[in-house]
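Everything on this sheet refers to the single structure shown next.
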Amino acid sequence: KLPTTIGRLTNLVFIITVKYEINQLPSEIGNLKNLRVLSFTEGKVTGSIPSEIGAIVNLKHLHLRLNGLSGKFPTTLGMLTSLTYFVLVEKVDGKIFEWLTGMNELESLSIEARFKSTIPSEISKLTNLKSFRFDQGFANGTLPSEIGQLTNLVFINTSENLLSGVIPSEIGYLTKISFFACEENQLNQPIPKEFSNMISLENLRISNNNINGTLPSELALLNKLRIAHFSQNKITGTIPSEIGLLNNIIEFHISINKISGSLPSQLFYLTNLLQLHLDGNLLSGTIPTQIYLLENLVSFLCHDNYFSGPIKIESFTSNIVTIDLSYNYFDYTISPQISQLTRLNVIKLVRSGCSGSIPSEISNLNQ
């Protein structure tokens, strides 16, 4: 047990435990007026969060992660107006945002709890917020347009929820943001062209939704973008040639959409590409020979499309690890020079138009 006498240690500044077994947090913890950091991580802390925790008015960091806490949020948490860092990954319940919006000093908010809630417009009051993570829960409703008022944000992750509707155009006001993720939700409107105003954006992940419309050509203005994941949506149209301006991109995923047309040659100007995933679309035409110049390419997936014409597997970069050409209409053979691809680990050629024999040199691919 954490003894009730801990409440006598009124000069205590830190309580940090990792994998520590405590039957219950004693209510006397509220006597620790000078406490700045309270952290319980991956322990066994049963019961609920005591309401007396709201009396620790000077608390700056509150970290409750994977302990086994349950019950309702005490509304007294709203009294912790000095809090700057709050992490909650527990099986607790309640209307968390009703008391969070009074925490004007909050800079980092990370919630991973299985409770139903919407993200209210009042979140705009957290003007110092730099990091907002609310994932793997049951958040429903929409992303409020007021989120665009949080101009200090550099990180947002609202993945694995039940959010629907549109990504608000006001998101473009977040010019400091470098990471935006809203994967595995139910978003069902086009990608806002205002994304192009997020000039610091490096990581964009909006896969596994019902997003429709086309890929905005304005995305080419995100010259710091490194990761772009749009897979498993209902995106239509073609790949805009302007994508070739994203010189820093290393991962471009558009798998399982309804994107059609041929591949723009500009796509292969992206010499830093590590992963190019085009599978599960309506793409057609040939694969431009410039693909062989992508020296950093590790993974190339184009299966389940309508590609045709020649392709030379042996001409891919020696760094290639995964190739999947399955279910297309190529016309090619496997050359003995495939043995030069010494890092090749996965190659799938099912119903891809391959003819001829399998060269014995393929046995040299021991990866």
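The values are calculated or read from the model by the stated rules, or taken from the named source; none is laboratory data. Values in this document were obtained by computation on a predicted structure and should not be read as measured data. Backbone-built Cβ (ideal geometry, glycine too); neighbour counts: all protein chains shown. Heads up: the accessible areas ignore ligands, DNA and RNA and are worked out on the full protein's heavy atoms, side chains in. Shrake-Rupley method; radii C 1.70, N 1.55, O 1.52, S 1.80 Å.
Annotations
- Student exercise, the chain dipole from Lys, Arg, Asp, Glu Cβ charges, in Debye to nearest 20: 820 debye
- Rounded, prolate or oblate (a/c below 1.5 giving rounded, otherwise prolate when a/b exceeds b/c) for the range 2-125 by Cα gyration tensor: oblate
- The range 7-79: relative contact order in percent, alpha carbon pairs under 8 Å with at least 6 residues between: 32 percent
- Carbon and sulfur %, accessible surface of the chain computed with the full protein complex present, 1.4 Å: 48 percent
- For the set Lys60/Lys125; Lys44/Lys125; Lys91/Lys176, the pairs lying more than 30 angstrom apart at their alpha carbons are Lys44/Lys125; Lys91/Lys176.
- Structure-derived Rg/Rh (Cα atoms, Kirkwood Rh) - corresponding label in (1) 1.10; (2) 0.98; (3) 1.03: (1)
- In terms of packing, defined here as the mean over residues of other Cβ atoms within 10 angstrom, the peptides 12-18, 232-238 line up highest first as 232-238, 12-18.
- Dipole orientation for the chain: of the candidates Thr289, Ser39, Ile358, Ser39 has the Cα lying most toward the positive pole (charges on Cβ; Lys, Arg +1; Asp, Glu -1).
- Gyration tensor verdict on the range 108-155 (Cα atoms; rounded if a/c is under 1.5, prolate if a/b is larger than b/c, oblate otherwise): oblate
- Unit charges at the beta carbon, dipole of the range 102-242: most positive-side option, Ile119, Thr214, Ser145: Thr214
- For the range 257-367: rounded, prolate or oblate by the Cα gyration tensor [a/c cutoff 1.5]: oblate
- In nm, spacing of pseudo-spin labels at Lys348 and Val13 (7 Å Cα→C-beta vector): 5.6 nm
- Heavy-atom accessible area per residue - the range 178-264, 1.4 Å, Å²: 38 Å²
- A Cβ-based charge dipole, computed about the Cα centre of the range 192-345 with Lys and Arg at +1 and Asp and Glu at -1, lands at about 180 debye.
- Model label points for Gln136 and Tyr306, set 7 angstrom from Cα along the Cα-to-Cβ axis, are 4.2 nm apart.
- Compactness index (Cα Rg / 2.2 N^0.38 Å), the range 88-208: 0.97
- Neighbourhood charge, 13 Å Cβ-Cβ cut-off, centred on Leu9 and excluding it, Lys, Arg +1 and Asp, Glu -1: +1
- Alpha-carbon Rg/Rh ratio, for the range 225-268, with Rh computed the Kirkwood way: 0.95
- Estimated vicinal HN-Hα couplings, Hz - the range 150-167 in sequence order (Karplus 6.51, -1.76, 1.60; Gly, Pro = x): 8, 6, 8, 5, 10, 8, 9, 9, 10, 6, 6, 10, 10, 5, 10, x, 10, 6
- Counting only protein heavy atoms and a 1.4 Å probe, the range 1-102 has 49 square angstrom of accessible area per residue.
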